[in-house]
Amino acid sequence: MNKKKTAPPAAARFGFGRARPRSSAEPAQDSAHTADAAPPMFRVAGVQMASGPNVNANLNEARRLIEIAVEQGARLVVLPEWFACMGLKDTDKLAIREADGCGPIQQFLSDTARRHRIWLIGCSVPLQSRDSDRVHNSLLVYDDSGARAARYDKIHLFSLDLGQERFSEERTIQPGREVKVVDTPLGRIGLSVCYDLRFPELYRAMGEVDIIVVPSAFTETTGRAHWETLLRARAIENLAYVLAPAQGGYHLSGRETHGHSMIVDPWGVVIDRLPRGSGIVVAGINPAYQVQLRRSLPALNHRTIGWPESGEKTKRSEEVKMR
C-alpha cells in the first residue's frame with residue numbers, strides 16, 4: 001500500500017515503509033477478483049509505547065498516539081498490554097485497580113472512542129477480582145459511541161524462570177475463563193492478550209474471525225526468539241488479519257520489552273511493523289482479499305479434530321499397552 005511521504009512529527013515514530021515487499025508467489029490483494037459482497041477496505045492501527053508507572057503520563061501519551069492514528073484514517077485502534085501502567089514492581093497494578101464499569105482508565109477509553117468516533121481496544125485495565133491480592137488483566141472494547149462492547153480477561157498467565165530473569169503473573173493476576181469474540185461493523189474480532197499467543201487452541205475456539213488482536217508486553221528475550229513467528233502462524237492458520245501492538249523499549253523498572261508491533265495479513269505477510277519506541281503501525285484491511293484467500297485455500301472448512309461444525313469428529317485411537 002502506498003504511504004504518503006510527509007514527515008511525521010519529531011516525537012512520534014511510525015511503522016510506515018517497514019513491511020517487506022510481497023513476492024510474486026503471494027496472492028495480490030486485488031479486489032477486482034474477489035467476492036462482490038465483501039465490505040470495503042478500512043484502516044486499523046496499533047499503538048506502541050514504553051509505559052512507565054505514572055498513569056496520567058501514560059494516558060496522555062496514549063491520547064497523543066491515538067490522535068495520530070485517527071489522522072491516518074484508522075477506524076479501529078488497539079493499545080498495548082499495560083498501556084496505562086508498567087509499574088516499578090508487579091504489585092503496583094493492585095494500587096490502580098478499578099471496579100468494573102468505573103474508573104479513570106475506563107473513562108479515558110470511553111471518552112476517547114466517542115470523541116474520535118473510532119472502535120478502541122484498551123489493554124490492560126486492572127479490574128477487581130474476588131482475590132484481594134490479584135486483579136484481572138482485562139481487555140476492553142469500546143464502540144464509536146463510547147459504549148463498552150466487550151470485556152476479555154486474559155486466560156493464560158505468563159511464567160518464566162531463566163535465572164536472573166523471572167516472571168510469574170499468577171501472583172498478581174486472576175486468570176479469565178471465557179473465550180471472547182466481538183462482532184463489529186469492521187468484522188468479527190477475536191480477543192487475546194500477550195501470552196495467549198502461544199496457545200493456538202484458544203484461537204480455534206473462537207471460530208472464524210476476521211481480525212485477531214494481541215496487545216502485548218513480550219520480554220525482549222522471548223520476543224526476539226518467538227514473537228514474529230507466533231504472530232505469523234496465528235494469521236496463517238486462521239486466515240485472519242492479526243493486529244499486535246506491543247510495549248517496546250526500556251522501562252523504569254529495569255524491564256526491557258521487545259516492541260516490533262505488527263499488522264500481519266491472512267497470508268502471513270507483515271504489512272507494517274515498528275521495531276522500538278513510541279509510535280503507531282497502520283495498515284488497510286481488505287475483506288475482499290480475505291474472502292478470496294479463504295475460497296482459494298479453504299483450510300478452515302477442512303478442520304475435523306475437535307471441530308463439530310466440520311462434520312464428524314476424528315476419533316481418537318485408544319492407546320494399547322504392550323504386554
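Run the quick spin-label model on S253 and E208: label points 7 Å from Cα toward the beta carbon, then report their separation in nm to one decimal.
Computed distance between label sites S253 and E208 equals 4.0 nm.
What length, rounded to one decimal in nm, is gained on full extension from R171 through to T229, with 0.36 nm per residue of separation minus their alpha-carbon distance?
Here the answer is 18.0 nm.
Non-local amide H neighbours of F42 (under 5 Å, H modeled in plane, Pro and chain starts lacking H): which ones?
I285
Going 7 Å from the Cα of D133 toward and past its Cβ, which residues in region 153-177 have a backbone nitrogen under 16 Å from where you end up?
Answer for this model: 168-175.
So how much slack lies between N56 and D92, counting 0.36 nm per residue of separation and subtracting their Cα-Cα distance, in nm?
Net length gain for the segment: 11.5 nm.
Classify region 170-282 from the C-alpha gyration tensor, please: rounded if a/c falls under 1.5, else prolate or oblate depending on whether a/b exceeds b/c.
oblate
Using the basic label-point model (7 angstrom from Cα toward the beta carbon), what is the R115 to R63 distance in nanometres?
Taking the simple label geometry, R115 and R63 are separated by 0.5 nm.
For the pair D100 and E71, what calculated FRET efficiency results from E = 1/(1 + (r/R0)^6), where r is the Cβ-Cβ distance and R0 = 25 Å, to the nearest 0.05?
0.20
Spelling out what I want: for every residue of region 44-58, take phi, set θ = phi - 60°, compute 6.51 cos²θ - 1.76 cosθ + 1.60 (Karplus), and round to whole Hz; glycine and proline get x.
Residue by residue, region 44-58 yields 10, 9, x, 9, 10, 9, 10, 5, x, x, 8, 4, 4, 5, 5 Hz.
Hey, got a sec? Which trypsin sites (Lys or Arg not before Pro) in region 61-156 land in a DSSP loop and have at most 10 other Cβ atoms within 10 Å?
Hits after loop and neighbour filter: K89, R130.
Using Cα pairs under 8 angstrom and six or more residues apart, how large is the relative contact order of region 139-249, in percent?
It rounds to 20 percent for region 139-249.
Whole-Hz Karplus ³J(HN,Hα) for region 130-140, in order, using 6.51 cos²θ - 1.76 cosθ + 1.60 and θ = phi - 60°, x for Gly and Pro?
5, 8, 5, 9, 9, 10, 8, 8, 9, 9, 10
Is the shape of region 94-215 rounded, prolate or oblate, going by the alpha carbon gyration tensor and its root eigenvalues a ≥ b ≥ c, with a/c under 1.5 for rounded and a/b larger than b/c for prolate?
Verdict is oblate for region 94-215.
With θ set to phi - 60° and the Karplus curve 6.51 cos²θ - 1.76 cosθ + 1.60, what are the ³J(HN,Hα) couplings of region 245-252 in order, to the nearest whole Hz, using x for Gly and Pro?
Each residue's phi maps through the Karplus curve to give x, 9, 6, x, x, 9, 10, 4 Hz.
Determine the shape class of region 103-146: with a ≥ b ≥ c the square roots of the Cα gyration tensor eigenvalues, call it rounded for a/c under 1.5, and otherwise prolate if a/b is greater than b/c, oblate otherwise.
The shape class here is prolate.
Every number here is computed from the coordinates shown, using simple stated rules; none is lab data. Keep in mind that this is a model prediction, so the values were computed, not measured. In this analysis, Cβ positions are derived from the backbone assuming ideal geometry, glycine residues included, and neighbour counts consider all displayed protein chains.
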